[in-house]
Amino acid sequence: MRRFYISVISCFFLLSLQAQRKPSASVQLLKELEENMRNYANDIVNASETAGRAMADSFFTRSLVKALQVPYSFSYPFDSLKTISRLYAPDSSFRIITWQIMKDFSYYRQKGAIQFHTKDGSLKLIPLYDNSAFTDNPVDSVRSNKQWIGAVYYNIVHKTFNNKNYYTLIGYDENDARSTKKWIEVLTFDENNQPQFGGRYFNYPNDDLKPAQPAYRFCVEFKKDANAKMNYDPDLDMITFAHLVSEVGDNSAKYTLIPMGTFEGFRWMNGKWAYVPVIKEVDPRSNLNPTREAAEQRNNKFLVPTKKGKG
């Protein structure tokens, strides 16, 4: 009987060792793959020619997929990839990886993927395809991963209503040479765990600064480098964003809109983001880089360089 117990204990010990070695080996491999990916990630933003950025994006995408195929890659942070956003859902059910590539100063395209947490460490990945260039009305409908309105996300807000999870993504799109866009997008998952982007989640009155209702996602567009604040404020439990005003008195000219020093926002109520017209208790530092701002709030840090290549 004593030998039996010794054998059982030995088996448990060996299994424990194997379980420890497997993640350890995965981490070492992921470190090596991350090192290989780092230059590609940097060149996506900083390569001087369009062809160089496109080539870097292609090599990076293939390398990223290879890395994510390593067992237990979900928990690996890829911290050195400073030009790539890597955000975990607050409940750790998935993470969303996004980045952007500039063709020239008039055209940007976003790339991305959703990686799900799996118990056995296997890969479950859904790619995101930016459909922004192929729609005249990006706020018009609920969209799948194949019709995604691209953005580089810098925050995720997890809310629930009637026992359903709602993940609000906050991100930006460099858009073109004259203006930048910031997006609020509510992400849900259907019965097959497929992503659904957007829905009737925003209650606000129509005006000439916001997307016309009905809007399935929310966007503000403003002058390039105007640094209009938009983010979730955990102290207020609200999404806050800068109130905009046109430098030339024409709100339809989005590239002339700049922050006027006041703030408005949304509060989650009964499964929707309800509009709040005036917010006083907000951090006035509207010139913060959104990725730096998010990095102050989250352990998962990423920075997007301001240097741009010329193509």
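Every number here is computed from the coordinates shown, using simple stated rules; none is lab data. None of these values were measured; they are calculated from a predicted model. Virtual Cβ from ideal backbone geometry, glycine too; neighbours counted across all protein chains shown.
Tabulated values for the structure
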item	result
Cα convex hull of the stretch 62-160, projected area averaged across orientations, nm²	7.7
Paramagnetic reach from Lys103 (point 7 Å along Cα→Cβ, amide N under 15 Å) across the stretch 168-209	174-177
Under 5 Å, built H, 5+ apart or other chain: amide partners of Ser179	Lys224
Assigned charges on the beta-carbon of Lys, Arg, Asp, Glu; the stretch 86-297 dipole about Cα centre (debye)	440
Ranking of Met269, Met238 by count of other Cβ atoms within 10 Å, fewest first	Met269, Met238
Inter-part distance where the stretch 137-190 and the stretch 75-125 are each reduced to a Cα centre, Å	14
For the stretch 82-135, alpha-carbon Rg relative to the globular expectation (2.2 N^0.38 Å, N residues)	1.36
Nearby aspartates and glutamates by direct alpha-carbon distance to Lys164 (threshold 14 angstrom, same-chain neighbours under 8 apart not counted)	Asp91, Asp190, Glu191
Modelled FRET efficiency - R0 22 Å, Glu32 with Leu123, Cβ distances, 0.05 increments	0.80
Residues Ser24, Ser73, Ser85 arranged by fewest to most Cβ contacts within 10 Å	Ser24, Ser73, Ser85
Quotient of Cα Rg and 2.2 N^0.38 Å for the stretch 86-297, N being how many residues it contains	0.99
Contour excess over end-to-end distance, with Cα ends at Asp140 and Ser58 and 0.36 nm allotted per residue	26.5 nm
Fewest-first sequence of Met260, Met230 by Cβ atoms within 10 Å of each Cβ	Met260, Met230
Between the stretch 234-256 and the stretch 44-70, the alpha-carbon center distance in angstrom	34
